[in-house]
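The values are calculated or read from the model by the stated rules, or taken from the named source; none is laboratory data. Computed from a predicted structure; not experimentally measured. Positions of Cβ are backbone-derived with ideal geometry, glycine not excepted, and every protein chain shown enters the neighbour counts.
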Amino acid sequence: MKKTAPKRIVVGITGASGARYGVRILQCLRERAIETHLIISRAGRQVIELETDYRVEEVEALASRTYNDSDLAAPVASGSYRTDGMMVVPCTMKTLSGVANSYAGNLIERAADVTLKEQRRLVLVVRETPLHKGHLRLMAMAADMGAQILPPIPAFYHRPATIEDLVDQTIGKILDAFEIDHDLFKPWGEKENP
């Protein structure tokens, strides 16, 4: 039985370093005609401006719909609004803490909590290093509730030559988590010339 690709995904971008991951996942989802509902935290807006050549408005234009992070009445704050899951790319430790402790202090945390309670896929691209025991505990708590923890840790078996190659490998792993086809990197064991 063939699985159908997701049609509607919530994307959160928080203030962790790595805003280009959030931008790139939106580009890839748009290329695949997947409806995206974007929430950018206040700190996420700052990091986009600091780390990328994009303006926040350009990033928002990549999404099907955008919401203010303080809008707890947005459709994605309710389990009755059907989605195929959510990804937080990148995810700060603060957001991870909110998710792990079911503290919905903003729309990103509330949408993530809804995603978990409705038993939908939640991928948290946690971006921090080094990690202390509290960070690890929060990751374990979120994983125990059903979240997938997917830190952007580079792999080298696909022989990356650019920063974009490294970013695309992580984006490919996120797409894999949602069972979305891509050709962003060659999987382990796949030969160059079949």
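Could we say that Gly98 is modelled with pLDDT of 95 or more, of a type outside the set (Asp, Glu), part of a helix (DSSP H, G or I) and touching a strand residue (DSSP E or B) at 6+ places or on another chain (Cβ under 7 Å) here? Step through it out loud before you land on a result.
Working: modelled with pLDDT of 95 or more: yes; of a type outside the set (Asp, Glu): yes; part of a helix (DSSP H, G or I): yes; touching a strand residue (DSSP E or B) at 6+ places or on another chain (Cβ under 7 Å): no.
Answer is no for this residue.
Under 8 Å between Cβ atoms, at least 6 apart or on separate chains: pull out the pairs that start in the range 56-80 with a residue that is more than 18 Å from Arg20 (Cβ to Cβ) and aromatic (Phe, Trp, Tyr) and end on any residue that is modelled with pLDDT of 95 or more and in a helix (DSSP H, G or I).
So the pair list comes out as Tyr67/Val76; Tyr67/Leu107.
If the Cβ limit is 7 Å and pairs must be 6+ apart or interchain, which residue in the range 146-173 that is without any contact (Cβ under 8 Å) to a residue 12 or more places away in the chain pairs with which residue that is among the acidic types (Asp, Glu) and assigned to a loop (DSSP other than H, G, I, E, B)?
Filtered contacts from the range 146-173: no entries.
Any idea which residue in the range 126-140 is surrounded by the most Cβ atoms within 10 Å (Cβ to Cβ), counting only those that are of a type outside the set (A, V, I, L, M) and farther than 11 Å from Ala100 by Cβ? Please lay out each step first, then the result.
At the first step, the residues of the range 126-140 found to be of a type outside the set (A, V, I, L, M) are 127-130, 132-135, 137.
Now restrict to residues that are farther than 11 Å from Ala100 by Cβ: 127-130, 132-133.
On the way: Arg127: 21, Glu128: 17, Thr129: 9, Pro130: 5, His132: 9, Lys133: 7.
Out of the qualifying residues, it is Arg127.
With (1) part of a loop (DSSP other than H, G, I, E, B); (2) surrounded by 12 or more Cβ atoms within 10 Å (Cβ to Cβ); (3) modelled with pLDDT of 95 or more as the list, and His158 as the residue in question, which single condition is left unmet?
Unmet for His158, out of (1) part of a loop (DSSP other than H, G, I, E, B); (2) surrounded by 12 or more Cβ atoms within 10 Å (Cβ to Cβ); (3) modelled with pLDDT of 95 or more: (3).
Restricting to the range 137-155, what's the tally of residues that are part of a helix (DSSP H, G or I) and either under 20 Å from Asp84 (Cα atoms) or among the charged types (D, E, K, R) (or both)? Steps first, please.
Taking the range 137-155 first, the residues part of a helix (DSSP H, G or I) are 137-144.
Keeping just the survivors that are either under 20 Å from Asp84 (Cα atoms) or among the charged types (D, E, K, R) (or both) gives 137, 142-144.
Residues in the range 137-155 being part of a helix (DSSP H, G or I) and either under 20 Å from Asp84 (Cα atoms) or among the charged types (D, E, K, R) (or both): 4 in total.
Name the residue, out of Val89, Val10, that is touching a His at 6+ places or on another chain (Cβ under 6 Å) and within 22 Å of Glu179 (Cβ to Cβ).
Values: Val89 fails: touching a His at 6+ places or on another chain (Cβ under 6 Å).
Going through Val89, Val10 in turn, the sole match is Val10.
With Arg8, Arg24, Arg30 as the choices, which residue is farther than 20 Å from Lys173 by Cβ, in contact with a strand residue (DSSP E or B) (Cβ under 9 Å, 6 or more places away or on another chain) and touching a residue at least 24 places away in the same chain (Cβ under 8 Å)? Before the answer, list the steps.
On the way: Arg24 fails: farther than 20 Å from Lys173 by Cβ; Arg30 fails: farther than 20 Å from Lys173 by Cβ.
Answer to the check: Arg8.
Please list, ordered by residue number, the helices (runs of 4 or more DSSP H) wholly in the range 1-93 having 2 or more residues that are surrounded by 21 or more Cβ atoms within 10 Å (Cβ to Cβ). Talk me through it step by step, then tell me what you get.
Working: elements: 19-31, 42-51, 56-61.
By residue number, 19-31, 42-51.
Among the residues of the range 49-64, are any on the phi > 0 side of the Ramachandran plot and small (Gly, Ala, Ser)? Let's see the steps before the verdict.
Quick first cut of the range 49-64, residues on the phi > 0 side of the Ramachandran plot only: none.
Scanning the range 49-64 turns up no residue that is on the phi > 0 side of the Ramachandran plot and small (Gly, Ala, Ser).
From the list Ala33, Ala43, which one is more than 12 Å from the chain's Cα centre (by Cα) and on the phi > 0 side of the Ramachandran plot? Reasoning before the result, please.
Values: Ala43 fails: on the phi > 0 side of the Ramachandran plot.
Residue meeting the stated conditions: Ala33.
How many of the residues making up the range 161-192 are assigned to a helix (DSSP H, G or I), of a type in the set (Val, Ile, Thr) and under 18 Å from the mean Cα position of the chain (by Cα)?
Residues of the range 161-192 assigned to a helix (DSSP H, G or I): 163-177.
Add one more test, that the residue is of a type in the set (Val, Ile, Thr), and what stays is 163, 167, 170-171, 174.
Pick out the ones that are also under 18 Å from the mean Cα position of the chain (by Cα) and you get 167, 170-171, 174.
Within the range 161-192, residues that are assigned to a helix (DSSP H, G or I), of a type in the set (Val, Ile, Thr) and under 18 Å from the mean Cα position of the chain (by Cα) number 4.
Can you tell me which residue in the range 161-175 is farthest from Ser17 (Cα to Cα), limited to those that are touching a Pro at 6+ places or on another chain (Cβ under 7 Å) and not hydrophobic (A, V, I, L, M, F, W, C)? Break it down into steps so the answer makes sense when it comes.
Going residue by residue through the range 161-175, those that are touching a Pro at 6+ places or on another chain (Cβ under 7 Å) are 166, 169-170.
Okay, now just the ones that are also not hydrophobic (A, V, I, L, M, F, W, C), so 169-170.
Details: Gln169: 17, Thr170: 14 Å.
For the range 161-175, the residue satisfying everything is Gln169.
Where residues in the range 94-122 are out of contact with any Lys or Arg (no Cβ under 9 Å at 6 or more places or on another chain) and among the aliphatic types (A, V, I, L, M), which of them is farthest from Val59 (Cα to Cα)?
Ranking the candidates gives Leu116 first.
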